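Notes follow once the structure below has been shown.
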Amino acid sequence: MAHVELDHLQACLNFALDTLRKEMDKSRLPPLSQQSSVAHPLDDSTTYLPSKGLFEARRLSLACLGELKNLIQSPLDRCVEQVFAGYDAACTDTLIKTGIIDYLSDVPNPSQGVPAIELASKFELDSKKLVPILRCCATNGWVRETCDSSFALNRCSRTLIKGNAGWKVKFPIPRFMSIIETIPHWVAESDWKLSRSPEQTAFQLALNTPLSIFSWVVENPDVLVPLADHLQVFGDMSTPSIVADYPWEQLQTPVIVDCGGGEGGLISSILDAHPSFRAVVQDMESVVAVTSSIMKERRPRDIENGVLKVEAHDFFFSPSLGSETILRQRHDWPDKEAAMILGNVARALGPKSKILIVDTVAVPNVDSTATTNMKSLTLDSGAKDPDHRIPSHFGSASRIVGGLSMHMLTMLNGWERSLREWEKLVKGCGLHITNVYPLRAHTSIIECALDTRALL
């Protein structure tokens, strides 16, 4: 009996893992281990940029594993997993908020493990409650149970230590789970079910506020810094690839204006790589106060010399552009608001200007073409390509993209756009897409310029 799909996925996974291993060896990276408590370079995409082959091999490996699970897991088991999925995030949050993660990172022998009774005594908790929470985290790969009811950090959990990227990325808006629970009512039953306004979303329903999320943050300044950190991590995940994979040297007049530049991490990295550039970071007035302080500390000479400026700006008005512009993460907004922002930018552009939209390009799952670019990863040029059956959006390897799209929908009635949707949006603003640069991240750079044909 032929197990066609199973055989194809097994061949594809073997190919992907073999390529992953070879690319890691070429990059002189140490082996991966869940038994280790030492961070691996691949653990933090904000600081380490893998080779293109390694990035593709890891993505394909994860996609294969996801498709294998979809193929062989009982659908009922999957339903039960989804019912209990909220507990996964709650258990991880508990370890972070109680300080258990930080405590486990500071013990003399972090790989040995600490009894749950000791952790309960240290943090004045009930050990009978703590053990199931820790075991749930162990199931999800965040800690290890070294012996019965004793737990230790593993390699991956180090990102959750206070101040690290995984700790910062936790969403700081209160009642986040309530916002998620509101989605079915909002979409199917509420008076706003057909609205596409950023002020009529599940966020407003759950928090009982008329304010958009950004206006709400202004009214609740205690969440401003953690929210800025949260957004900065998402930007930082793409920064190494943005700097390396876009041909910055082609810019004719290198003045960069980063609209929605947050804490300035991307601009800072671009200036490090291209010190002859000049740059402006623009964001909301409440964010700019934080950004100015950070930039004065990190780049005092650039601030003093006028190489780098930080400006408060409302993105619904034309920004003071240079010859090149980065318009980052515009997935926040629905079409009407996104078109208003892009249109204002377009009206301020010069003939040599470019808009670089750093954002996700959603891929509709209409075929199985995800691995058409894997031929270049085959180290043996004479080897036969395996017959791949992986979704065009890489399946479970693109869960972050799907999650971001739902997050933007829930908070602002926005979503992640396909290339066709980007082309339509850009064309309506008097622009055209000149190129799309895939990144070694979940985002791409959509390069746009004025559509001179529209001006004739």
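The values are calculated or read from the model by the stated rules, or taken from the named source; none is laboratory data. Every value quoted in this text rests on a predicted model; they were computed, and no experiment measured them. Cβ placement follows ideal geometry from the backbone for every residue including glycine, while neighbour counts extend to all protein chains displayed. SASA here: full protein model, heavy atoms, side chains in, ligands and nucleic acids out. Shrake-Rupley method; radii C 1.70, N 1.55, O 1.52, S 1.80 Å.
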Inset, instruction - Could you tell me what percent of the DSSP beta bridges with both partners in the chain are antiparallel, to the nearest 5? - result: 45
Legend entry - Assigned charges on the beta-carbon of Lys, Arg, Asp, Glu; the chain dipole about Cα centre (debye): 600
Legend entry - Residue pairs, from the table Lys168/Lys193; Lys22/Lys52; Lys193/Lys336, whose Cα atoms sit over 21 Å apart: Lys168/Lys193
Legend entry - Protection-proxy order for peptides 254-264, 85-95, each taking the mean of Cβ atoms within 10 Å per residue, highest first: 254-264, 85-95
Inset, instruction - Could you please put Trp142, Trp248 in sequence from largest to smallest accessible area, using a 1.4 Å probe? - result: Trp142, Trp248
Inset, instruction - Work out the FRET efficiency for Asp335 and Asp44 from their Cβ-Cβ distance, taking R0 = 22 Å, and round it to the nearest 0.05. - result: 0.05
Inset, instruction - Kindly sort Arg420, Arg144 by accessible area of their heavy atoms, largest first, with the probe set to 1.4 Å. - result: Arg420, Arg144
Inset, instruction - Enter the accessible area per residue of the chain (Å², integer; probe 1.4 Å; all protein chains in place). - result: 51
Legend entry - Per-residue ³J(HN,Hα) for segment 141-146, Karplus 6.51 cos²θ - 1.76 cosθ + 1.60, θ = phi - 60°, Hz, x for Gly and Pro: x, 8, 9, 10, 8, 6
Inset, instruction - Using label points projected 7 Å from each Cα along Cα→Cβ, tell me how many nm separate Lys309 and Val223, to one decimal. - result: 3.3
Legend entry - Burial order of peptide ranges 51-57, 398-404, 121-127 (average beta-carbon count within 10 Å, highest first): 51-57, 398-404, 121-127
Inset, instruction - Measure off, as a whole percent, the carbon and sulfur share of the 1.4 Å-probe accessible area of the chain, all protein chains present. - result: 54
Legend entry - Cα-based Rg and Dmax for the chain, where Dmax is the largest Cα-Cα distance (Å): 23.5, 76
Legend entry - HN-Hα J in Hz across segment 275-287 - Karplus 6.51, -1.76, 1.60, θ = phi - 60°, x for Gly and Pro: x, 7, 6, 10, 8, 10, 9, 10, 6, 4, 4, 5, 6
Legend entry - Cα-centred dipole magnitude for segment 115-259, charges only on beta-carbon of K, R (+1) and D, E (-1), debye, nearest 20: 500
Legend entry - Accessible-area value, His432, 1.4 Å probe, nucleic acids and ligands omitted, Å²: 60
Legend entry - Relative packing of peptides 155-164, 169-178, 188-197 - highest average C-beta neighbours within 10 Å first: 155-164, 169-178, 188-197
Legend entry - Fully extended contour minus Cα-Cα distance, from Ser33 to Ala273, at 0.36 nm per residue: 83.1 nm
Inset, instruction - May I ask for the net charge around Gln35, where only other residues with Cβ less than 9 Å from the Cβ of Gln35 are counted and Lys, Arg are +1 while Asp, Glu are -1? - result: +2
